[in-house]
1. Out of (1) at pLDDT 90 or above; (2) assigned to a loop (DSSP other than H, G, I, E, B); (3) not aromatic (Phe, Trp, Tyr), the odd one out for Leu199 is which?
2. Can you name the residue in segment 364-376 that is charged (D, E, K, R) and within 14 Å of Leu97 (Cβ to Cβ) and is also modelled with the highest pLDDT among such residues?
3. Have a look at Lys498, Lys488 and point out the one that is basic (Lys, Arg), at pLDDT 95 or above and over 29 Å from Trp273 (Cβ atoms).
4. Taking interchain pairs and intrachain pairs at least six residues apart, which have beta carbon atoms under 6 angstrom, with the first residue in segment 252-271 and under 26 Å from Lys555 (Cα atoms) and the second of a type outside the set (Phe, Trp, Tyr) and not in a helix (DSSP H, G or I)?
5. Consider Cys560 against the criteria (1) open to solvent by 50 Å² or more (accessible area, probe 1.4 Å); (2) within 22 Å of Ile358 (Cα to Cα); (3) in contact (Cβ under 8 Å) with a residue 40 or more places away in the chain; (4) out of contact with any His (no Cβ under 8 Å at 6 or more places or on another chain): it satisfies all of them except one. Which criterion is unmet?
6. Could you look through segment 463-506, keep only residues that are β-branched (Val, Ile, Thr) and in contact with a Gly (Cβ under 9 Å, 6 or more places away or on another chain), and pick out the one that is farthest from Arg559 (Cα to Cα)?
7. If I filter segment 390-404 for residues that are modelled with pLDDT of 95 or more and touching a Ser or Thr at 6+ places or on another chain (Cβ under 7 Å), do I get at least one hit?
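The values are calculated or read from the model by the stated rules, or taken from the named source; none is laboratory data. No experiment lies behind these values; they were computed from the predicted model shown. Here the Cβ positions follow ideal geometry from the backbone for every residue, glycine too, while neighbour counts run over all protein chains shown. Just so you know, the surface numbers come from the protein's heavy atoms only, side chains and all, with ligands and any DNA or RNA stripped out. Shrake-Rupley method; radii C 1.70, N 1.55, O 1.52, S 1.80 Å.
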Amino acid sequence: EIDILVRQRSEARWDGDYNRADELRDVIDQICVTISLNQLQYSAIDLENDLEYKIVTTDLPRSQGGGSTWELQPINNPLFNNAKSEDNVLQLAHAALGMVVSTSERGVDVNEEDLDRLVSRIEARLQTLQQRKAMGTFFPGTAAAGELHGRKAADAAFWLSLAGVNARDNFIYDELAQVASEELLRFGSNKSCRAKDVLHIVERFAMAGVTGSSVHQLYNVAADCLEVKMMNNTSDSVDDSDDDSIDYNNIIKSLRGDVTFGLHSDRSLLGLWRFSTRQRKQRVFFENAAKHFDGRYGKDATRLHSINDDKSDKYEWSKLFKDPTRPLVVDVGSGMGVSLLGLATAASGATHEEEIQIDWNECNFIGVDLSRLGIRFARGVSKRWELDNLKFVVDPAEECIERLSSYPGPIKLAMIQFPTPYRYTEEREDVEASVAQGYNAQLPEDSESGCFMVTEKLLRLIQEVLSRKEDGKLLVQSNCEDVAVRMKNIAETRAGFKSVEFTNSVTALDAVTQRAQRWVANGGDRAIGKSFSSLPLLPMVGRTETEVACSLDGKPVHRCLFVPRD
């Protein structure tokens with residue numbers, strides 16, 4: 001009876017008959033559901049009276065499938081005595097991210113005990129939602145997760161991963177994936193749900209680095225939904241207006257695979273790249289998260305750890321790695337760590353060029369970056385993946401390289417991949433004009449200001465460390481031609497490196513970006529010749545989000561490999 005009433009009300013709303021919808025709402029509001037105790041067997045809780053519930057409906061926007069769902073809200077049920085509490089999974093996830101952002105902006109580490117308390121509340125809330133779902137045994141129409149409709153579970157998973165949450169036994173991430181699966185089963189095949197809406201949900205979980213059976217179940221459900229939309233092939237269900245490059249057939253095949261779709265899939269890395277490069281939108285998002293936490297809990301709600309608290313033992317190699325004599329791979333400016341996360345799980349050898357032949361399974365890996373948020377994300381994924389040979393540290397690049405001299409084993413490879421470029425302007429007036437208009441305002445002012453990460457001092461330090469270790473090499477990559485040429489010139493003329501020459505070298509190059517066109521027009525040296533590789537030098541799983549974005553957009557990546565001079 002309840003299902004019929006809710007369905008009739010949904011149809012009335014869809015047809016615009018709001019008077020009829022209100023009448024049905026009044027009827028539903030008068031319903032009181034009583035569950036006899038002999039129907040339930042909760043031995044852990046002493047229930048003295050029958051359980052009474054009222055019906056609460058939730059109207060969904062058309063972007064989330066439209067229609068309405070209903071759930072039982074307890075009147076006297078101790079199982080759900082926090083149903084009206086302020087705890088909400090999405091809000092708590094936003095607050096957890098806000099806690100990390102708030103402390104990071106003050107140059108300090110978040111206190112993990114304080115963060116754990118928020119995480120525990122999320123776990124408790126998800127357990128409550130599980131109990132509600134169990135009530136669906138008696139009332140199949142009950143909403144399993146009323147507060148996580150649509151893509152909210154996917155958003156919560158991504159926000160928690162950005163906060164570096166390493167949930168106990170992955171319960172939170174598994175449960176969120178299960179909720180997302182149920183949501184897709186509920187509305188994913190509806191015409192109002194577009195193919196890209198389905199794709200956004202699975203991409204968020206992949207971007208969060210979620211693995212395991214629950215997320216694979218989600219991927220299979222998503223593949224089913226996409227197949228339905230491909231068969232229907234209507235303009236409403238398949239809307240590629242924002243991205244003509246989406247190949248849904250390949251995505252479906254990837255989702256069906258056991259290990260194909262995940263963090264290192266093209267679509268996932270592209271999503272991370274878009275998130276990290278949309279500076280203004282990202283800044284507003286993080287500011288709102290921080291305000292949410294500070295406004296709800298106060299800036300003093302978490303104890304502060306100084307950025308230098310762990311300096312003394314940050315590079316105690318025997319504590320960092322089980323076997324510190326293994327070859328080491330270093331990513332300088334590792335960002336969100338996706339390249340090292342991929343390499344740490346890569347099979348041996350799988351590269352296009354023979355110049356880098358490393359048994360990745362036998363290596364230790366360390367990434368360094370000043371972005372505390374990027375490092376938290378990387379650490380969180382690494383812990384959930386149980387990669388004990390991979391570590392990330394927050395430190396200036398030069399300080400990290402200086403500490404590498406004490407590493408017991410060989411250093412096989414140092415990498416500088418896509419450092420944030422400096423502003424490209426010919427005259428001082430151009431700098432001031434571009435900043436005034438908001439262009440490149442987030443970039444280092446110029447190549448000589450000291451704000452650009454790749455300095456002569458840094459390259460000299462890397463050369464000294466590699467010279468003391470056997471067969472060490474330096475890989476440099478950039479999507480800006482002038483930046484790549486500048487780094488190559490400094491490495492060769494002032495830092496004691498020589499370039500490795502490639503068989504598959506760059507022989508011709510189109511200037512496809514405005515920056516490259518200006519560089520060429522001003523007579524800049526081209527990234528052409530035997531010192532520039534035309535093929536990727538790392539395994540596919542070692543690609544960064546920027547490299548994938550360039551590949552999908554048809555833009556060149558400029559790659560050089562160096563060895564210390566004899």
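1. For Leu199, the exception is condition (2).
2. Here the answer is Arg376.
3. On inspection, the qualifying residue turns out to be Lys498.
4. Ser254/Thr260; Leu263/Gly209
5. (1)
6. So in segment 463-506, the residues β-branched (Val, Ile, Thr) come out as 465, 476, 483, 485, 490, 493, 500, 503, 506.
Still in the running and in contact with a Gly (Cβ under 9 Å, 6 or more places away or on another chain): 465, 485, 506.
Numbers: Val465: 21, Val485: 10, Val506: 10 Å.
Only one residue tops the list, namely Val465.
7. There is at least one residue in segment 390-404 that is modelled with pLDDT of 95 or more and touching a Ser or Thr at 6+ places or on another chain (Cβ under 7 Å).
Table: residues versus (1) within 21 Å of Val110 (Cα to Cα); (2) at pLDDT 70 or above.
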residue: Arg274; (1), (2): no, yes
residue: Val329; (1), (2): no, yes
residue: Met336; (1), (2): yes, yes
residue: Ala350; (1), (2): no, no
residue: Trp360; (1), (2): no, yes
